[in-house]
Amino acid sequence: MAKKAATQESVSAPKAVPLLVEAASSDTVYADLYMRRARELLASVLTLAQHNALKGVQREIDEALKQSKVATMSQDWRRVEALAGRVDELRRSAQEKAAVSALGAKVYDAFGVGIDPFSPGFESLPGFDQDLAERRATVVKTLSALATADAPLASFYESRRSFFAGLVLASKAPATATAAAQSSAEIEQLAVQAAQKGDMAQLRRYAQELAARQAKEKEAAPAAQQSATQPAAAGRAAYQCPVDLAVPFSDEVTQRAQALGLAAARTEPLPQNAPLLEYVSARIWQPNLVEVETEKEGAMRAEAVVEQVGFPAEVSEHVKVLVGQFLRNPFINSGGARYLPLFNTEAVLIEDFPEEQEPPATGELLSALGLKARRGLARQEIEDALLEHGATILLERLLLDPKEFRLVCIPQDLYIRFGLDRKWGQQQQWTHFDGYQVLKSGQLRALAGGDVRYGGLTDLISLGIADQRNSVIARFAVIRRARQVARWR
């Protein structure tokens, strides 16, 4: 039976793996699941060990060529003949496996985090100028093909296809009469996007269409007032998470989590959070915010809002810094979507070891991830471990569905919220945070922070993904994957 399953996977691999790689580049919040499946399928025709061996072929060829030159100078013709034959053999083998080797590079060598092309604010990055409506159509087509090519996971691919099919996106193509077939809610979404992009011609057409519909329906409110307020409401709804993040974990999950060194934790929102969340949500999507405002102006505005809503003195300073950071910097989470800090009730699992003593260097969770230490880990090493083992830990050790939950480095906003009670951020060390700073070049730098010398809980820095400094520790958390989604419709 196992042999039959392996045979089926080897047959589907050539078709499914390229589609999985393509889906991962657009559906980034689920990219780890696509890439994990790609590795499973590709292993039936090319294992990781075989892929690494193929990468060494060129080095062998170069070394053989070098030795053949020395042998030629020494007139050692038997050795020259042997080396020449070896080079021909290696080149022939490399050529025969060129296609699968190229596919292996995309699956085994790729960094596990990419930027979500559908998150607003990244249009100016290199390679992100594609029409989003066209890209949505492409990913819908890819997921439909995946449902056929990889039947065992067809229901998952269909659910993602349905999600993207319902994602309302403005096209760069000229507006046509097809707008008449769209619902008012869809046109409202397009109006919001046109306003965000500054496309006044499109915005005017959408406003005219909405105004005409509202007049026809004889709504009570004046058409002008409705056209001004409805798109804004639709915009907020697009980014409002419909999943209840506060659902508690079962006792069984909590017990299993304890065996891994994870504790169930729950955040409770302050009553002042609502207006602050609206302020952040309204501004964080504005393109080129950093270029429009100076850092000082952004900080002053963030502080003003915090003062207006009246946060308690013991947390107001932390909130000011947090809001200012996320308004002034383009951050993404490990799902590739724009990182929007949450201010609502949420149930998570966290490693809650104290910081006033040396963090545990070993443990069940680190072992399950294949990590031999907690300090000195490069983010790339951590992400590779999470990609390779994270879903298995959730599924087998915690009995949680990886499609709903995700194991990550602790997010910065959770570190601050839980750290206030646990006295974190009072040591001379940094902690890996989930997420990345996006540079103008599109390069990613890993988030970390929490060093008492630079702000403690509100300290936030970015590191190269290969940085292995010993002053940075890893602290993990299990979150609901929905937390990482930037927009929902």
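The values are calculated or read from the model by the stated rules, or taken from the named source; none is laboratory data. None of the values given here were measured: they were computed from a predicted structure. Note that each Cβ is placed from the backbone with ideal geometry, even for glycine, and that neighbours are counted across all protein chains shown.
Worth a mention:
- Within segment 456-470, if we keep just the residues that are within 19 Å of the chain's Cα centre (by Cα) and either buried (at least 17 other Cβ atoms within 10 Å of the Cβ) or of a type outside the set (Gly, Ala, Ser) (or both), the residue that is farthest from ARG422 (Cα to Cα) turns out to be ILE465.
- Some residue of segment 51-73 being under 30 Å from ASP384 (Cα atoms), touching an Asp or Glu at 6+ places or on another chain (Cβ under 9 Å), of a type outside the set (Lys, Arg) and not assigned by TED's automatic domain parsing to the domain that holds GLN437: yes
- Taking the listed residues ALA477, ALA486, ALA448, the one that is buried (at least 19 other Cβ atoms within 10 Å of the Cβ), within 15 Å of GLN428 (Cα to Cα) and under 18 Å from the mean Cα position of the chain (by Cα) is ALA448, with no other qualifying.
- Selection from segment 440-481 of residues that are assigned to a helix (DSSP H, G or I) and modelled with pLDDT under 95: VAL452, ARG453, TYR454, GLY456, LEU457, THR458
- Residue count for segment 102-113, restricted to those that are buried (at least 19 other Cβ atoms within 10 Å of the Cβ) and either of a type in the set (Ser, Thr, Tyr) or within 20 Å of GLN443 (Cβ to Cβ) (or both): 3
- Some residue of segment 356-371 being under 17 Å from the mean Cα position of the chain (by Cα), at pLDDT 95 or above and hydrophobic (A, V, I, L, M, F, W, C): no
- Residues within segment 417-445 that are in contact (Cβ under 8 Å) with a residue 40 or more places away in the chain, farther than 19 Å from ASP352 by Cα and under 17 Å from the mean Cα position of the chain (by Cα), tallied: 6
- Considering segment 441-468, and only residues there that are in contact with a Gly (Cβ under 7 Å, 6 or more places away or on another chain) and charged (D, E, K, R), the residue that is nearest to LYS372 (Cα to Cα) turns out to be ARG445.
- Applying the criterion of at least 2 residues that are surrounded by fewer than 16 Cβ atoms within 10 Å (Cβ to Cβ) and either touching a strand residue (DSSP E or B) at 6+ places or on another chain (Cβ under 7 Å) or in the same structural domain as ALA264 (by TED's automatic domain parsing) (or both) to the helices (runs of 4 or more DSSP H) found wholly in segment 358-439 leaves 364-369, 412-422.
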